[in-house]
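Visitor: What follows is a structure written as structure tokens; I'll ask about it next.
The values are calculated or read from the model by the stated rules, or taken from the named source; none is laboratory data. None of the values given here were measured: they were computed from a predicted structure. FYI the Cβ positions are ideal-geometry reconstructions off the backbone, even for glycines, and counts take in every protein chain you see.
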Amino acid sequence: MSNLQQPLPDGRGPDAALCGTGGGAVARIALVVLVVSLAAHFCHVRAVWVDEAYSMAAAQRVAAGEVLYRDIWFDKPPLYAWICLAWGAAPGWPLRVAGAVFVALNCWLAGMAAGRLFGEREARAAALLLGFFLTFGFAAAVLPLAPDMLTIPFALAFVWLAAARRPFWAGMAAGAALLANAKALFLLPVALLWVGQDWPLALAGYLCAPAGGAILLAAQGALGAHWQQVWKWGFEYSRDTFLRNPLQEGLRRTGNWLGFHAALAVPAAVYWWRERDRRAGLMAIWLIAAMASVAAGWRFFPRYYLVPTPVLALAAARGIALIKARTRLVLLTLALALPAARFGPAYFTAARDAIAGTHRISDLAMYEDSLAAARLLQTLARPGDTLLVWGYRPELNVLARMPAASRFLDSQPLTGVLADRHLTRSDATFPALAEKNRRELARTKPTFVVDGLGVYNPALAIGRFPDLAEWFRQYRLVGRTEGCLIYERRG
């Protein structure tokens, strides 16, 4: 019998296993994290980051009665859009409250998982560490509830349930992550190994959640389109990286990330060095799977490293308990000071900009331009007018709140050029599919077309595609911003 399967020390049965230890302390820490996270998120209350705009633009159309994949081209798993329905897919304070609650939920889950695995001291440490690094460990642009962020609660719930000897429900938590992130496939081997001889139950649970999603999509007539847009598109996307030397770049970025997260990496290393039992082995397997998901696609974007953050937080919580108190204090003070100094001032800058009604953060320059374009559209549009956004500018759809004229939220499926390079390059990953989609677009009649790409990359301007030339002659330029050209249909 492994240490994960031993009876609880106080003789409690399996039904009490979910409680773990330190539940009350973890709940109090989660409440503190919620307050701090609300303050941090509200610094961005006037901004809409592009990753959250994409999901909200799709969710707004779902709320209007359309169906993902069938009526809306959406290349991400459905939960990424569905979760926005919880606050009406509205920007502003509802979005920021949702983000803060999500961070607090993750801290609570981390504490409960660590408490069940190790003990009350580790539960408190895990909750605090994860709360800190979901606030100060990443650039503000990865705060949105995008697929990598959405994977965290499912992974933590899986570990908590597996440690509490609930193999079916643990498998279901891991499988449900597929509804948020296709990279949750990497959780499957972890789930099967973690529960040992109960792996058939874990496998059954893992398959249940995506099967339920597939049944729903099939009932909506969207299952085939989901396969094409999420899985086939995603597979080709992962094969076509823009990095010239992805392995070298991946090693460099991973080393930088580990150094910046030394408060997690060093205690975690201490844990794996001092405790080499089955539990430590399973935690190591989880970390390997998480890092494999980071490497998938050979891009190594900062937001990808959200996936290994929870396993490092749990391992670090145990490692901290193994370090002498004085050494622990010095280590944490030095290691936490760097990320706090790096990202703390950015929140004050964002808050000052929010009060002033402007944004000086460079990452929000394109959002400011989209905001100007949306305001100009509102002066031109009449009730019933429709909109097509050309380029990857989903915030324009959110801000303009105009009915869509086609299935397409952005121009990636229309040019075949991925958004990670389309501002500077024009090599298409999906030329045949893009040509087919442009033929579909030419049968639509949007009232307004906003080209948010051609100013940056003239080779991909909407007027440069021969198979759209006749269709585009129906439009005339009626306005422009620094980065957008606004066209209106003649007559």
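Visitor: I need every pair where a residue in region 190-208 that is outside the structural domain of Ser293 (by TED's automatic domain parsing) and surrounded by 19 or more Cβ atoms within 10 Å (Cβ to Cβ) has its Cβ under 6 Å from the Cβ of a residue that is part of a helix (DSSP H, G or I) and not charged (D, E, K, R), sequence separation at least 6 or different chains.
Guide: From residues that are outside the structural domain of Ser293 (by TED's automatic domain parsing) and surrounded by 19 or more Cβ atoms within 10 Å (Cβ to Cβ), there are no pairs.
Visitor: Is there a residue in region 451-472 that is under 16 Å from Ala381 (Cβ atoms), in the same structural domain as Tyr392 (by TED's automatic domain parsing) and hydrophobic (A, V, I, L, M, F, W, C)? It would help to see each step written out before you state the result.
Guide: Residues of region 451-472 that are under 16 Å from Ala381 (Cβ atoms), as a first pass: none.
Looking for residues that are under 16 Å from Ala381 (Cβ atoms), in the same structural domain as Tyr392 (by TED's automatic domain parsing) and hydrophobic (A, V, I, L, M, F, W, C), one finds none in region 451-472, hence no.
Visitor: Shifting gears a bit: Which residue pairs have Cβ atoms under 6 Å apart, sit 6 or more places apart or on different chains, and have a first residue in region 413-433 that is farther than 11 Å from Leu453 by Cβ and a second that is among the β-branched types (Val, Ile, Thr)?
Guide: Close Cβ pairs satisfying both conditions: Gly416/Thr429; Leu418/Thr429; Ala428/Val417.
Visitor: If you go through region 402-422, how many residues are aliphatic (A, V, I, L, M) and farther than 20 Å from Arg239 by Cα?
Guide: Within region 402-422, the first condition is being aliphatic (A, V, I, L, M), and the residues that meet it are 402, 404-405, 409, 414, 417-419.
Checking which are farther than 20 Å from Arg239 by Cα leaves us with 402, 404-405, 409.
The number of residues fulfilling the criteria is 4.
Visitor: May I ask you to list pairs of residues, at least six apart or on different chains, whose Cβ atoms are under 8 Å apart, with the first in region 244-262 being closer than 18 Å to Ala315 by Cα and the second being among the charged types (D, E, K, R)?
Guide: Phe260/Arg342
Visitor: Among helices (runs of 4 or more DSSP H) lying entirely in region 375-491, which contain 2 or more residues that are touching a helix residue (DSSP H, G or I) at 6+ places or on another chain (Cβ under 6 Å)? Quick ask: steps written out before the conclusion?
Guide: On the way: elements: 394-400, 412-415, 431-441, 469-472.
Where helices (runs of 4 or more DSSP H) fall fully within region 375-491 and carry at least 2 residues being touching a helix residue (DSSP H, G or I) at 6+ places or on another chain (Cβ under 6 Å), they are 394-400, 412-415, 431-441.
Visitor: While we're on this one: So which of Leu85, Leu68, Leu105 is in contact with a Pro (Cβ under 7 Å, 6 or more places away or on another chain) and surrounded by fewer than 22 Cβ atoms within 10 Å (Cβ to Cβ)? Give the steps one after another, and end with the answer.
Guide: Numbers: Leu85 fails: in contact with a Pro (Cβ under 7 Å, 6 or more places away or on another chain); Leu68 fails: surrounded by fewer than 22 Cβ atoms within 10 Å (Cβ to Cβ).
Result: Leu105 is the single residue among Leu85, Leu68, Leu105 that is in contact with a Pro (Cβ under 7 Å, 6 or more places away or on another chain) and surrounded by fewer than 22 Cβ atoms within 10 Å (Cβ to Cβ).
Visitor: Any residue in region 95-118 that is charged (D, E, K, R) sitting within a Cβ distance under 6 Å of a residue that is modelled with pLDDT under 95 and outside any helix (DSSP H, G or I)? List the pairs, counting only those 6 or more apart or interchain.
Guide: Qualifying pairs under 6 Å: Arg96/Val45; Arg116/Gly20; Arg116/Ala164.
Visitor: Considering Ala59, Ala53, Ala47, which residue is assigned by TED's automatic domain parsing to the domain that holds Gln228, in a helix (DSSP H, G or I) and either without any contact (Cβ under 8 Å) to a residue 24 or more places away in the chain or under 26 Å from Phe343 (Cβ atoms) (or both)? Steps first, please.
Guide: Numbers: Ala59 fails: either without any contact (Cβ under 8 Å) to a residue 24 or more places away in the chain or under 26 Å from Phe343 (Cβ atoms) (or both); Ala47 fails: in a helix (DSSP H, G or I).
Result: Ala53 is the single residue among Ala59, Ala53, Ala47 that is assigned by TED's automatic domain parsing to the domain that holds Gln228, in a helix (DSSP H, G or I) and either without any contact (Cβ under 8 Å) to a residue 24 or more places away in the chain or under 26 Å from Phe343 (Cβ atoms) (or both).
Visitor: Sort out which residues of region 219-239 are among the small types (Gly, Ala, Ser) and under 21 Å from Gly65 (Cβ atoms), and write them in order of number. Don't jump to the end; show me each part of the working.
Guide: Of all residues in region 219-239, those among the small types (Gly, Ala, Ser) come to 219, 221-222, 224-225, 234, 238.
Once the filter is applied, which keeps residues that are among the small types (Gly, Ala, Ser) and under 21 Å from Gly65 (Cβ atoms), region 219-239 yields Ala219, Gly221, Ala222, Gly224, Ala225.
Visitor: Right, here's the next one. Please determine whether any residue of region 383-398 is modelled with pLDDT of 90 or more, surrounded by fewer than 17 Cβ atoms within 10 Å (Cβ to Cβ) and assigned by TED's automatic domain parsing to the domain that holds Pro446.
Guide: Let us first name the residues in region 383-398 that are modelled with pLDDT of 90 or more, namely 383-398.
In the following step, the residues that additionally are surrounded by fewer than 17 Cβ atoms within 10 Å (Cβ to Cβ) were identified as 383-384.
Still in the list and also assigned by TED's automatic domain parsing to the domain that holds Pro446: 383-384.
Yes, that holds for at least one residue.
Visitor: Go through the residues of region 303-322 one by one and say whether even a single one is over 18 Å from Leu130 (Cβ atoms), surrounded by fewer than 19 Cβ atoms within 10 Å (Cβ to Cβ), of a type outside the set (Phe, Trp, Tyr) and over 19 Å from the mean Cα position of the chain (by Cα). Explain how you work it out, then say what you get.
Guide: In the first step, residues of region 303-322 are kept if they are over 18 Å from Leu130 (Cβ atoms); the result is 322.
After this cut, where a residue has to be surrounded by fewer than 19 Cβ atoms within 10 Å (Cβ to Cβ) as well, the list is 322.
Restricting the remaining residues to those that are of a type outside the set (Phe, Trp, Tyr) gives 322.
Checking which are over 19 Å from the mean Cα position of the chain (by Cα) leaves us with 322.
Within region 303-322, one or more residues are over 18 Å from Leu130 (Cβ atoms), surrounded by fewer than 19 Cβ atoms within 10 Å (Cβ to Cβ), of a type outside the set (Phe, Trp, Tyr) and over 19 Å from the mean Cα position of the chain (by Cα).
Visitor: Ala428 fails exactly one of the following numbered conditions: (1) modelled with pLDDT under 95; (2) buried (at least 20 other Cβ atoms within 10 Å of the Cβ). What is the number of that condition?
Guide: Of (1) modelled with pLDDT under 95; (2) buried (at least 20 other Cβ atoms within 10 Å of the Cβ), only one is false for Ala428: (2).
Visitor: What about Leu161, is it surrounded by fewer than 23 Cβ atoms within 10 Å (Cβ to Cβ), part of a helix (DSSP H, G or I) and either out of contact with any strand residue (DSSP E or B) (no Cβ under 6 Å at 6 or more places or on another chain) or modelled with pLDDT of 95 or more (or both)?
Guide: Taking the combined requirement at face value, the residue does not satisfy it.
Visitor: May I pose another question? Has region 221-236 got any residue that is touching a Leu at 6+ places or on another chain (Cβ under 7 Å), assigned to a helix (DSSP H, G or I) and at pLDDT 90 or above?
Guide: As a first pass, look at region 221-236 and keep what is touching a Leu at 6+ places or on another chain (Cβ under 7 Å): 222-223, 226.
Next, only the ones that are assigned to a helix (DSSP H, G or I) stay: 223, 226.
Okay, now just the ones that are also at pLDDT 90 or above, so 223, 226.
Looking through region 221-236, at least one residue is touching a Leu at 6+ places or on another chain (Cβ under 7 Å), assigned to a helix (DSSP H, G or I) and at pLDDT 90 or above.
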